[in-house]
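Computed from the coordinates by the stated procedures, all read-outs in this text should not be read as laboratory data. Computed from a predicted model, the values in this text were never measured in an experiment. Cβ placement follows ideal geometry from the backbone for every residue including glycine, while neighbour counts extend to all protein chains displayed.
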Amino acid sequence: MADHTTLDAFLDSWSGGDPTRSATAQAILGICEAGRAIAAIVGRGSLEGQMAAAVGANAGGDTQKALDVRTHDITVDILRNAPVSRIGSEEADEEVVLDESAPVAVAIDPLDGSSNIETNVSIGTLFGVLPEKGSETFLQPGTAQIAAGFIVYGPATVLVLTVGTGTNAFTMDDSGAFLLSHPDMSIPKATKEYAINASNARHWGEPMKAYVADCQAGAEGPREKNFNMRWVGSLVADVFRILVRGGVYLYPGDQRDGYGQGRLRLVYECNPIAMICEQAGGAATDGTTRILELEPTKLHVRAPLIAGSAEEIERIADYYADPRQASPLFAKRGLFLA
Ligand SMILES: O=P(O)(O)OC[C@H]1O[C@](O)(COP(=O)(O)O)[C@@H](O)[C@@H]1O
Ligand SMILES: [Mg+2]
Ligand SMILES: [Mg+2]
């Protein structure tokens, strides 16, 4: 078997003794230690007992399941031993302050995709590492992230990581070590595959309706090519596929109550995904603004997320700028819009 660089060696060489980078590296290693424990729990499935039982609601009003709360507790306990100032977690209304003299903070969704727990579908942990800035820490835009990543608990447990110099993935081996398996990931610029929860179509705004209608019109429509659709409904799994073979993930705002800014949270879901995609040559927007430049108004604020293949994202931004004119063949598309 070929020798693989370990995550520890990768982070050692990146941090090079710089104090903020070293703290970031320790935070990442802490998240991976939590990830190992979470992978073991997820891997035991229903033998673990009541993982999917509803136990309450989080700040966003979503049902919290037992595993959401357990993974939050595991992560916070482990990060107490790392040089981390504070944690902003999807599963806690308020940030958790640890050691305010530490140089970095962690924004985290300890377990994303919890509606998939009992269905044995991949779920994940998403995180960003930010410089400590007191009470303003989680109000920094995503461009401030020092590092970002996610762990997908799937057939393989894989950490996707960026420290601002490309995107790499590390697969967990039998001993729990994370080994570099996907160096320098690169999202193909063009794609014929999109990912969206199409059951919400009637609630979308005009740009998303026009974009998806054009994709669905296939070779006979204005895009003049046939598209494929994939939707796992678990952000980490959908984005890992996009990193490997291209595509776009779409969770736009829609007209349902509470969904005006989509479903996903900016600070610990959209921003990590945006940095990972950009560092892999892709892009991420809310339709009109680059995700990483959005100014969070609070820790749990939501944002529409459109992320993946760069050329497709550019095209989708055209639909937001002018849905009826986006396609060069828009007159032809008019046939499908009625
Ligand atoms: O169920 P929907 O509306 O299709 O949303 C699915 C999306 O919501 C998420 O599950 C995030 O929601 P949670 O943070 O509540 O798990 C994503 O992983 C997934 O892409
Ligand atoms: Mg989540
Ligand atoms: Mg969660």
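Out of the residues in segment 77-104 meeting the condition of being within 16 Å of ligand 2 (Cβ to nearest atom) and not hydroxyl-bearing (Ser, Thr, Tyr), tell me which one is farthest from ALA148 (Cα to Cα). So, considering only residues that are within 16 Å of ligand 2 (Cβ to nearest atom) and not hydroxyl-bearing (Ser, Thr, Tyr), the one farthest from ALA148 (Cα to Cα) is ASP93.
Just one of (1) touching a helix residue (DSSP H, G or I) at 6+ places or on another chain (Cβ under 7 Å); (2) part of a loop (DSSP other than H, G, I, E, B) fails for GLU224. It is (1).
If you go through segment 22-34 and keep only what is surrounded by fewer than 19 Cβ atoms within 10 Å (Cβ to Cβ) and farther than 13 Å from ARG80 by Cα, you end up with just SER22. Screening GLY61 on (1) surrounded by 13 or more Cβ atoms within 10 Å (Cβ to Cβ); (2) within 21 Å of the chain's Cα centre (by Cα) shows it passes everything except condition (1). When the residues of segment 209-234 are filtered to those that are under 25 Å from GLY113 (Cβ atoms) and out of contact with any strand residue (DSSP E or B) (no Cβ under 7 Å at 6 or more places or on another chain), the one that is nearest to ligand 3 (Cβ to nearest atom) is GLY233.
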